[in-house]
There are 2 protein chains.
Amino acid sequence: MGLAKTEIFTDSQNEIALFAKAFGHPARVAILQHLFKINTCVCGDLVDEIGLAQPTISQHLKELKHLGLIKGSVEGTSVCYCINPEVWTKMKVVMTEFLDQDLPKTSCC
Amino acid sequence: MGLAKTEIFTDSQNEIALFAKAFGHPARVAILQHLFKINTCVCGDLVDEIGLAQPTISQHLKELKHLGLIKGSVEGTSVCYCINPEVWTKMKVVMTEFLDQDLPKTSCC
DNA sequence: TATATTAATCGTAATATTGCAATAAAACAA
DNA sequence: TTGTTTTATTGCAATATTACGATTAATATA
């Protein structure tokens, strides 16, 4: 199939999965880390920095933008991308809540 | 392609992506949440709980086991799956470090 | 206006993922 | 041994993802 049955899961579970999927590729991890490092950024920088072709980077940026984790504004011929702090913070709350579940004191096996 | 160019990224970036990918499907999120909730668990429980076919659950369990996030021990005809606390804790450190990057005080756009 | 620069989009190929029916394997019970 | 229960594996179909060359769109500059 290749198609996740999202309808049988809770909104929360689907939300966690969506955010996680955004980080599920090292290029997007690298893009986000770079955006954190140098705040202001254009797509060209990322192409040089990361070493994938320009259309590929553009596609990864589109996914991150679609999720809301980054936003971009046109600056002449280039585009300035940066982290969207509101969405990033919201994502962090969602993911942290999932990661911080209490581990059982005794392992069952 | 469909094939990520892992060789051009750092080990850390690839590790983050691998862990994130594990959470990138709501079924695996649901499985982990269920394992947290009831500590001891067998595969059959999960099939009832989640509503995907038994082979599908088995496959998701295999992925989580391969990453080390869960472990399973045979108990007669059933298998007892549970969270692997060591790997979970390690994963949490890795992911939290990524999520907790400092947001810039002023957004660039 | 013509040209350069930069990023987005289109089209396509290759690979990965998801899901399940059918089947196999393993352990127990009668 | 034979059947039952439970999980794993196999094989396959459908869809998604990744990557990039070619092209387009938009803006700036000469």
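The values are calculated or read from the model by the stated rules, or taken from the named source; none is laboratory data. Just so you know, these numbers come straight off a predicted model, no measurement behind them. Quick reminder, even Gly has a Cβ in these numbers, built from the backbone with ideal geometry, and neighbours come from all protein chains shown. Heads up: the accessible areas ignore ligands, DNA and RNA and are worked out on the full protein's heavy atoms, side chains in. Shrake-Rupley method; radii C 1.70, N 1.55, O 1.52, S 1.80 Å.
Observations on the structure shown:
- Cα centroid separation - the range B:1-68 against the range A:36-55, whole Å: 30 Å
- Heavy-atom SASA rank of B:100, A:102 (probe 1.4 Å, accessible area, largest first): A:102, B:100
- Pairs beyond 29 Å (Cα-Cα), from A:37/B:21; A:62/B:65; A:90/B:62; A:90/B:71; A:71/B:62; A:5/B:37: A:62/B:65; A:90/B:62; A:90/B:71; A:71/B:62
- Zone of residue B:5's modelled label, taken as backbone nitrogen in the range A:47-65 under 14 Å from a point 7 Å along Cα→Cβ: A:47-60
- Two-site FRET efficiency, residue A:78 against residue B:47, from Cβ-Cβ distance with R₀ of 41 Å, rounded to 0.05: 0.20
- Helix B:11-22 vs. chain B, principal-axis angle (Cα, 0 to 90°, nearest 10): 40 degrees
- Alpha-carbon radius of gyration plus Dmax, which is the widest Cα pair, for the range A:1-96 in Å: 14.4, 46
- C-alpha long axis of helix A:85-99 to longest principal axis of chain A, angle in °: 30 degrees
- Label point at residue A:101 placed 7 Å out along Cα→Cβ; residues across the range B:1-29 whose backbone nitrogen lies under 16 Å: B:20-29
- Think of it as helices only: each DSSP H run of n ≥ 4 in the protein assembly as shown is worth -39500 (n - 2.57), and spread over all residues that comes to -18000 deg cm²/dmol at 222 nm.
- Pairwise FRET efficiency - residue B:54 versus residue B:93, Cβ, R0 = 35 Å, nearest 0.05: 0.55
- Shape of the protein assembly as shown, Cα gyration tensor, a/c cut at 1.5: prolate
- For the residues of B:91-101, the average number of beta carbons from a partner chain within 10 Å of their own beta carbon is 4.
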